[in-house]
1. Residues being in contact with a helix residue (DSSP H, G or I) (Cβ under 7 Å, 6 or more places away or on another chain) and closer than 21 Å to THR123 by Cα: count how many of those fall in the stretch 27-68.
2. Just the residues that are surrounded by 18 or more Cβ atoms within 10 Å (Cβ to Cβ), aromatic (Phe, Trp, Tyr) and in a loop (DSSP other than H, G, I, E, B), please, taken from the stretch 377-398.
3. Would you kindly identify the strands (runs of 3 or more DSSP E) lying entirely within the stretch 192-301 that contain at least 3 residues that are modelled with pLDDT of 90 or more and either over 20 Å from ILE321 (Cβ atoms) or of a type in the set (A, V, I, L, M, F, W, C) (or both)?
4. Across the stretch 57-78, which residue is nearest to VAL30 (Cα to Cα) among those that are crowded, with 16+ Cβ neighbours inside 10 Å and among the charged types (D, E, K, R)?
5. Filter the stretch 15-38 down to the residues that are of a type in the set (S, T, N, Q) and open to solvent by less than 30 Å² (accessible area, probe 1.4 Å) and list them by number.
6. Return yes when GLY500 is open to solvent by less than 60 Å² (accessible area, probe 1.4 Å), without any contact (Cβ under 8 Å) to a residue 12 or more places away in the chain and either β-branched (Val, Ile, Thr) or in a helix (DSSP H, G or I) (or both) and no when it is not.
7. Does ALA41 satisfy the condition of being of a type in the set (A, V, I, L, M), open to solvent by 30 Å² or more (accessible area, probe 1.4 Å), at pLDDT 90 or above and assigned to a helix (DSSP H, G or I)?
Amino acid sequence: MTEALPTALRRFALLAATACALPLLILQPVWLALVLLATSALSLWGEKAWPGWLRMLLVLTIGGLVMAAYGFRVGRDTASAGLLAMLMLKSYETYSVRDARSLLGFSLFAPFAAFLQDQGPITLGLALPALLLSTMAWAALLQGSASHSWSMVWRAARALAMALPLALAGFWLFPRLAAPMWGLPDNAIAQMGLGDRMTPFDWQDVLVDDSAAMRVRFFGATPGREQMYWRGPVLTRFDGEAWERDDSAALKPAPHVQARGQTISYEVMLEPTSRRDLPVLELPLDAPAESRINSELTAIHSAPVENLIRYEGHSAPNSVIVAELADGEKRALLSLPPNRDPRVRALARQWVAETPDPERLTNRFLDWMRRDFKYTLAAPPLGYNATDEFLFSTRLGFCQHFSSAYVVFMRAAGVPARIVTGYVGGRYNNIGDYWRINRKDAHAWAEVWIEGHGWKRVDPTAAIAPENILDTVDDLQAQQEQGGIAGLAGSMLEPMFDSGDFLRRQWNELVLGFDSARQKGLLKPFGIEEADNWQLVLAFAIGAVIALAITLLLLLRQHRDRSDPLVRAWRKLVRRLARTGLRKHESEPPLTFVERAGRERPALADRLLALGRRYSDWRYAGHRLEAAEKTQLIRDLRDFRA
């Protein structure tokens, strides 16, 4: 027969389970998080279990909402949301002590699932109090009451603290693999941003996403913001609606880059993208570690970036690409979809006849854009002849519209051209001395092939409004509000934002960036330049032993005798006598014990009887001892030997 669960204890267990779910809950779409939270809150007030058919209906409804939130696709994020939904629904059948134990055990999987999605300090900051509350709930189940006292909080915190030394030893010293032994499934909803395909409306969400894409620290010379073009995927295939990547470029060797001007050295801390592309500053002189440069000067990592990674690069913005275009490559870079955009083709033929030089033709096209076009994120949708409609009708758009229209025009004019995607600019952090590039700094520009000079970068968006490249939406708003209350508030809060981002960067560097390479250098203070696996195993074993010793000391300290010193001295005397064969019975009073011991050992009778009477008078007869008398009695008890 199952033991019934008191209402107060049930609510405490449900509260602890919800706290464990919180780190995963904040990673869900807002509307889904609110639905799941309301579902859990509704179960708090139910005194009896719902009918089976009603619970089944609720399960099907919540399950359908979870699948709908992730586009009915299966992935790591969908599975995590499903686990969260099951945890919230488990509360509807938690009405016994056994059910509460199952709920609390199941809830501990939620923080681990959250760490599969995000390893930031906020997730950890939510997980630790949740574990504390869960430990308190376990203790409440054991004692059968949900009394909330500081002593319970202290005991739960002490229990977690005992596990901390071994956890730290495992994190720092347990040997790490350079590559994981198994992989994780991709998320059903991919991170928006740079990719193998580009249409104008793919980036509308990205251009207002102020989450960090990467953080960059320069060594020595720092280029101006107008030179900070972070190169990503290059798109060459166009079907009239979308630009796509040429997969064959990954198989071709990188062209030679002739370094000119100043060389820039930098370090990038890249957030997870689930892609293999590594943004590098134009123009890259070498490939970052564990990556290679393809024929389009894109850095390709050896594996998808599923965790935060750090890499160094060297670039020279004024370099020249020394390469020749083969006939097949040239045809591909002039290709346009048939029967589309006739007005652009006609205009390109007319202008190239009047201005055959590609650079002068480019300037003429940019002058037209500067004069008649406007930059806006609220660009209207385009139809079948998208480029014609943009150039001759709407004339409203953002970087994708401008770069696509320019490349189509140049190809129609017989000039090889392609689109380059990446990031531009960034925001300098004064506290940490680094640059933060956000996802909304994503940008698309163009490259044209100039015979005898190679590829040349052309940014059509810069002809419209340069501030829209180097400054994001937030910067434009700050300029408009400059001098007002909002502008003053923003300037006052800027140090706080910089401090918060600096702390996140330090977390990334010290915790998330701690990989196998850094772990091998952990033993340098002991004269080991690069530790082998067996040395790390030995270090972990030593660290684990020390950690367990600390835990044991804490346990012993927790259970040490806190009695009066005089009581402890008496107990030690009893233990010494037991080793000589004079054992005290559990129910035997002290005076009775010494009288019996005196009869068994007549030689000890007088001394034992005197000590027993003095102790019994103090302990049970209420005889008050002065400090000196108490100290003397403690000394006499300690000095007694059979």
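The values are calculated or read from the model by the stated rules, or taken from the named source; none is laboratory data. What you are looking at is a predicted structure, and each value in this text was computed from that prediction instead of being measured. Counting neighbours? That spans all protein chains shown, and the Cβs are built from the backbone with ideal geometry, glycine included. Side chains are part of the model used for accessible areas, which takes the heavy atoms of the whole protein and leaves out ligands, DNA and RNA. Shrake-Rupley method; radii C 1.70, N 1.55, O 1.52, S 1.80 Å.
1. Qualifying residue count for the region: 9.
2. The answer is PHE398, and nothing else.
3. Values: elements: 212-219, 229-238, 243-245, 256-258, 264-270, 291-293, 299-301.
Strands (runs of 3 or more DSSP E) meeting the threshold: 212-219, 229-238, 264-270, 299-301.
4. Applying the filter and picking the extreme gives ASP77.
5. First pass over the stretch 15-38, keeping only residues of a type in the set (S, T, N, Q): 18, 28.
The answer is GLN28, and nothing else.
6. On the way: open to solvent by less than 60 Å² (accessible area, probe 1.4 Å): yes; without any contact (Cβ under 8 Å) to a residue 12 or more places away in the chain: yes; either β-branched (Val, Ile, Thr) or in a helix (DSSP H, G or I) (or both): yes.
Considered against the rule, which asks whether it is open to solvent by less than 60 Å² (accessible area, probe 1.4 Å), without any contact (Cβ under 8 Å) to a residue 12 or more places away in the chain and either β-branched (Val, Ile, Thr) or in a helix (DSSP H, G or I) (or both), GLY500 comes out as yes.
7. no
Residues are listed down the side, and each one gets a yes or a no for (1) modelled with pLDDT of 85 or more; (2) exposed (fewer than 15 other Cβ atoms within 10 Å of the Cβ):
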{"position": "ASP441", "(1), (2)": "yes, no"}
{"position": "PRO460", "(1), (2)": "yes, no"}
{"position": "GLN482", "(1), (2)": "no, yes"}
{"position": "LYS524", "(1), (2)": "no, yes"}
{"position": "LEU538", "(1), (2)": "yes, yes"}
